Amino acid sequence: MIPAVLCALALGAVSLPAETGPGHRPDSVVIGVLLPANDARAASDLAAGIRLRVDDAATNGDTLRVRLVVRTLETGWSAGRTVVQMAFDDGVHAVIGGVDGRAAHVIEQLVAKRRMPLVSPWASDPSLTASYVPWMYRAVPSDRAQAHALWSVIPENGGPV
C-alpha cells in the first residue's frame with residue numbers, strides 16, 4: 001500500500017491543470033482519496049499511510065502544500081459521481097482509490113478525460129491497464145500476474161503439478 005501512496009503523491013505533484021503548462025511546479029496540490037466503506041481496517045490503513053507521507057514530506061522541507069479530499073465509497077458505481085465532484089468542486093489533481101475493479105473502471109474513464117492520475121491500491125483486474133490509459137496505475141499486480149507467480153512456486157514448495 002505504501003508504494004501506492006508514494007506514487008500518488010509524486011504523480012499529484014506533477015499533475016497540473018492544462019492552463020498551468022509543462023515545467024511548472026505548483027505551490028500546492030490536491031489529492032482525492034477514496035476509502036472503502038465496507039472495510040474499516042483497509043480504509044484506516046490507507047488514510048493513515050497517506051497522512052504519514054504528507055506529514056513526512058512537510059517535515060523534510062518539501063515546500064509543496066498537499067491538501068487531501070477524503071471520501072468514502074459506498075458502492076463501486078458511486079465512484080463516478082464522487083470523482084466528478086472531486087475534480088470539479090474540489091479541484092483534485094490526482095486520485096488514490098478505486099476500491100475494486102468495477103469502481104476503478106468507472107474512475108478510469110473520468111481520469112482519462114480529465115488527464116488526472118489515478119492510483120488504485122487494490123484493483124487487480126487486468127483489463128484496467130489493457131487500454132493503456134497513461135494516468136491509470138495499479139499498486140498490485142494483475143490477477144493474471146498473481147496467478148502466474150503462485151503457479152510457478154507451487155512445484156518449488158512440494159505442491160502438486
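The values are calculated or read from the model by the stated rules, or taken from the named source; none is laboratory data. No experiment lies behind these values; they were computed from the predicted model shown. Glycine gets a Cβ as well: all are built from the backbone with ideal geometry, and neighbour counts include every protein chain shown. Protein only, heavy atoms only, side chains kept; ligands, DNA and RNA dropped before computing areas. Shrake-Rupley method; radii C 1.70, N 1.55, O 1.52, S 1.80 Å.
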Could you tell me which of the residues Ala149, Ala139 is under 14 Å from the mean Cα position of the chain (by Cα) and not polar (S, T, N, Q)?
-> Ala139
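Listed residues Arg71, Arg53; which is touching a Leu at 6+ places or on another chain (Cβ under 9 Å) and outside any helix (DSSP H, G or I)? Explain how you work it out, then say what you get.
Values: Arg53 fails: outside any helix (DSSP H, G or I).
Step by step, each of Arg71, Arg53 is checked, and only Arg71 is touching a Leu at 6+ places or on another chain (Cβ under 9 Å) and outside any helix (DSSP H, G or I).
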Could you please find all residues in the range 92-119 being modelled with pLDDT of 85 or more and under 20 Å from Arg53 (Cβ atoms)?
-> Val92, His93, Ala94, Val95, Ile96, Met116, Pro117, Leu118, Val119
Answer with yes or no whether Ala145 is open to solvent by 40 Å² or more (accessible area, probe 1.4 Å), of a type in the set (Gly, Ala, Ser) and farther than 18 Å from Ile31 by Cβ.
-> yes
Is it true that Glu156 is closer than 23 Å to Ile50 by Cα and not in a loop (DSSP other than H, G, I, E, B)?
-> no
Which condition number does Ala139 fail, the rest of (1) touching a residue at least 40 places away in the same chain (Cβ under 8 Å); (2) in contact with a helix residue (DSSP H, G or I) (Cβ under 6 Å, 6 or more places away or on another chain); (3) under 18 Å from Val30 (Cα atoms) being met?
-> (3)
Scan (1) under 22 Å from Asp39 (Cα atoms); (2) open to solvent by 50 Å² or more (accessible area, probe 1.4 Å); (3) in a loop (DSSP other than H, G, I, E, B); (4) not charged (D, E, K, R) for the single condition Tyr137 breaks and write down its number.
-> (3)
Among the residues of the range 79-123, write down those that are surrounded by 20 or more Cβ atoms within 10 Å (Cβ to Cβ), part of a loop (DSSP other than H, G, I, E, B) and either free of Cβ contacts under 8 Å to residues at least 60 places away in the same chain or more than 11 Å from the chain's Cα centre (by Cα) (or both).
-> Val92, His93, Ala123
So which of Ala47, Ala40 ends up being over 13 Å from the mean Cα position of the chain (by Cα) and modelled with pLDDT of 75 or more?
-> Ala40
Residue satisfying all of: in the range 22-50; assigned to a loop (DSSP other than H, G, I, E, B) and acidic (Asp, Glu); farthest from Met116 (Cα to Cα) among these | Asp39
Which of (1) open to solvent by 20 Å² or more (accessible area, probe 1.4 Å); (2) modelled with pLDDT of 85 or more; (3) touching an Asp or Glu at 6+ places or on another chain (Cβ under 8 Å) does Gly32 not meet, given it meets every other one?
-> (1)
For the range 35-75, the count of residues that are small (Gly, Ala, Ser) and buried (at least 19 other Cβ atoms within 10 Å of the Cβ) equals 1
